Structure formats: structure tokens, C-alpha cells
Amino acid sequence: MLRIFLALAAGSLFGAGLMLSGMTDTAKVQGFLDIFGNWDPTLAFVMGGALLPMALAWQLTEGRKPAAGGSFPSPPSAELDRRLVLGSVLFGIGWGLVGLCPGPAMASLSYNSWQGALFLAAMACGMLAAPRVSRHLDRGAANA
């Protein structure tokens, strides 16, 4: 029960932070991504404000266990491979076209009417298709 409560509290805090920071405002996000046009740099501070505590958290959690049980995820690999680059490019294209990424898309469901739900459905379809596409690309690379 404690684990569910903590997850609900953390998710609610995260969603509120996304809304307050402007990350759920598609026009603001697209303005941030438009570096050659009418660039709005304010979201850089939001991202920096997220990266700094996360870097500290990686340092503080090493060798420790979460209070609610389970384990902390291991740090991500530093290897740049074809899958990472392709996934990043696709993520960036989607983010630039729509102005939402997974977290803000979930947070925007509460007020973004049918457009947010449509984006979330399309994102879910992409996530479901990704393993199959990845296996296909891996087979093609192995045969080359």
C-alpha cells in the first residue's frame, strides 16, 4: 500500500511540475525547439533543473535500496549504437511535430481533449510496434 501511495504522490508531483513548467504547452515546446526562428529558451532551465537532481540521485543511490522495496535501475549505458540514434531521431521528430513527449502527453490528458488522447494512442501504437521493427532491423543488419 505504501508503494502505491508513493507512486501516486510521485506521479502527481511530476505531472504538476510538467504543467507548471510549461512542458505540456505544445506551443511553448515547439518554440523551444525552433532554434532558427522565434526561439524560446525557457525550457532549457526546466531541463537543467531536472538533470541536476537526477545526476545527484545516481550518486546517492549507488549501493542502496529503495525505501518502498525493489531496486533502483542501473545507470544507462554510455554506448552510442544504431538503435539509440534511430530512437532519438524518431523521438525528436515526434516531439518537434506535436510538441509533446510521453510524460507531458500523459499530464495533458486532463485538459487537452481529443488531441492529447489521439497523440497518446499513436504513441502507444509506436511503442507496441517498436520491438517488432527493432527485431527486423537487427536481422537486416546481421545479414549485411
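The values are calculated or read from the model by the stated rules, or taken from the named source; none is laboratory data. It should be emphasised that the depicted structure is a prediction, and the values quoted were computed from it without experimental measurement. Backbone-built Cβ (ideal geometry, glycine too); neighbour counts: all protein chains shown. Only protein heavy atoms, including side chains, enter the accessible area calculation; ligands, DNA and RNA are left aside. Shrake-Rupley method; radii C 1.70, N 1.55, O 1.52, S 1.80 Å.
So the values come out like this:
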| quantity | calculated |
| --- | --- |
| Single residue of region 83-121 satisfying the filter (over 12 Å from the mean Cα position of the chain (by Cα) and among the hydroxyl-bearing types (Ser, Thr, Tyr)) that is most open to solvent (accessible area, probe 1.4 Å) | Tyr111 |
| Number of positions in region 68-89 that are of a type in the set (A, V, I, L, M) and in contact with a Leu (Cβ under 8 Å, 6 or more places away or on another chain) | 2 |
